[in-house]
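Visitor: Pasting in a structure now, in structure tokens, and then I'll have a few things to ask.
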Amino acid sequence: MTESNVIADLHHQLGIPADYAASTGLAQQRTPVDLVDIGVDIFNRPQRLRTAAADAWTRLVEAATLDGVTVQLVSAYRSFEYQVDLIRDIVDSGESIDEILTRIAAPGYSEHQGGCAVDVTSPGVDPLTEAFEETQTFIWLAASADEYQFVLSYPRNNPYGVVYEPWHWCYRPLK
């Protein structure tokens, strides 16, 4: 069975619409083979990114620190299976798949699975909340992240149908 068929079957099981990719415009992500450790997140869980993303991430965090800004890691790489389990758990709690998909990309389409995305926070703010946009960390990222080839994936009114996520940044090198 091809990877696309596996994704389609799992999407069907989870109740994800068959036209998910076309309707969101999100790109299918492949599991990377070059994941490297980048330390632990705020929950003391080991985290990984692709080699190039990890190098850029390290430079970004060092530059922020030199500017007196603290960037804390909430999460980085997440496997396809992790994404499936995450969505299953939320569906099992009674939330509709349509609501879930405004906050969490379908398995196979999460930038975290591609090994280039990070969710971040800063001291004194609850992780994964819009309150992050009021922090010095967000202000610094908005002004400086592009120097390290990180972009805010889900700004307000993004075309993907994903809620505004000021904490979600993805390494996207210039071609």
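FYI, it's all coordinate maths here, none of it is from the lab. These numbers come from a predicted model, not from an experiment. As a convention, Cβ positions derive from the backbone with ideal geometry for all residues, glycine included, and neighbour counts pool all protein chains shown.
Visitor: Which residues in segment 114-155 place their backbone N less than 17 Å from a point set 7 Å from the Cα of Gln72 along the Cα-to-Cβ direction?
Guide: 118-141
Visitor: Which FRET efficiency, nearest 0.05, do Asn44 and Leu174 yield, Cβ-Cβ r, R0 22 Å? It would help to have the intermediate numbers written out before the result.
Guide: Numbers: r = 34 Å, r/R0 = 1.54.
FRET efficiency, Asn44 to Leu174: 0.05.
Visitor: Before anything else, pin down the relative contact order of the chain: Cα pairs under 8 Å, at least 6 apart, normalised by residue count, whole percent. Don't skip to the end; give the middle numbers.
Guide: Values: 281 pairs, mean separation 40.5, N = 175.
Computed value for the chain: 23 percent relative contact order.
Visitor: Roughly speaking, what is the stretch gain from Tyr160 to Val33, that is 0.36 nm per residue apart minus the C-alpha to C-alpha distance, in nm to one decimal?
Guide: Result for the pair: 43.1 nm of gain on full extension.
Visitor: Could you pull out every whole DSSP H run in the chain that spans at least 20 Å of Cα extent along its own axis and averages -1.0 or higher on the Kyte-Doolittle scale? It would help to have the intermediate numbers written out before the result.
Guide: On the way: long enough: 51-66 (23 Å, 0.51).
Helices passing the filter in the chain: 51-66.
Visitor: Okay, moving on. Treating the beta-carbon of each Lys and Arg as +1 and of each Asp and Glu as -1, no other charges, what is the dipole magnitude of segment 1-129 about its Cα centre, to the nearest 20 debye? Present the calculation step by step, with values, prior to reporting the outcome.
Guide: Details: 8 positive and 19 negative charges, 60 e Å.
So the dipole magnitude of segment 1-129 works out to roughly 280 debye.
Visitor: Order by neighbour count: Ile38, Ile87, fewest other Cβ atoms within 10 Å first, most last. Provide the component values of the computation, followed by the final result.
Guide: Values: Ile38 20, Ile87 24.
Placing the least packed residue first, the sequence is Ile38, Ile87.
Visitor: Classify segment 1-118 as rounded, prolate or oblate from the Cα gyration tensor: take a ≥ b ≥ c as the square roots of its eigenvalues, call it rounded if a/c is under 1.5, otherwise prolate when a/b beats b/c and oblate if not.
Guide: Numbers: a/c = 2.34, a/b = 1.84, b/c = 1.27.
Here segment 1-118 falls in the prolate category.
Visitor: Calculate the radius of gyration of the Cα atoms of segment 50-175 to one decimal place, then report Dmax, the largest Cα-Cα distance, as a whole number, both in Å.
Guide: For segment 50-175, the Cα radius of gyration and maximum Cα-Cα distance read 14.7, 45 Å.
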